[in-house]
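The values are calculated or read from the model by the stated rules, or taken from the named source; none is laboratory data. What you see is a predicted model; the values in this text were computed from it and never measured. Surface areas here come from the heavy atoms of the whole protein model, side chains and all, with no ligands, DNA or RNA. Shrake-Rupley method; radii C 1.70, N 1.55, O 1.52, S 1.80 Å.
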Amino acid sequence: MNAMADQDTAYVDTLAGQLCTRHTALLATAENDLALARGRLAIVTAWIQDSHHDQTARTALAHDLGLPGPR
């Protein structure tokens, strides 16, 4: 790695450490939001893969969300 990349990594590590120690409530909120988003994405992905729903709608939704299309 070059010196600039090392500096960037150190900077990011410092910010992450500060976030964890100084802003634990914000970090917890961000983790909860991420978990909620992942759960919703799982529901949408399952719907896209469910052949009981309209193929055109499933394909369009997958395309619009940048997800893999139905199998």
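Numbers below:
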quantity: Degrees, to the nearest 10: 55-65 long Cα axis against longest axis of the chain; calculated: 20 degrees
quantity: The chain - percent of accessible surface contributed by carbon and sulfur, probe 1.4 Å; calculated: 62 percent
quantity: Acute angle (nearest 10 degrees) that the helix 3-22 long axis makes with the longest principal axis of the chain, alpha-carbon atoms; calculated: 80 degrees
quantity: Contour minus Cα-Cα distance for Leu19 and Ala60 (0.36 nm per residue); calculated: 10.9 nm
quantity: Average accessible area per residue (Å²) across the chain - probe 1.4 Å, nucleic acids and ligands excluded; calculated: 81 Å²
quantity: Helix-only [θ]222 nm of the chain, DSSP H runs n ≥ 4, -39500 (n - 2.57) each, per residue, nearest 500; calculated: -27500 deg cm²/dmol
quantity: Label corresponding to Rg/Rh (Cα atoms, Kirkwood Rh) when calculated from the structure given, among (i) 1.26; (ii) 1.03; (iii) 0.97; calculated: (i)
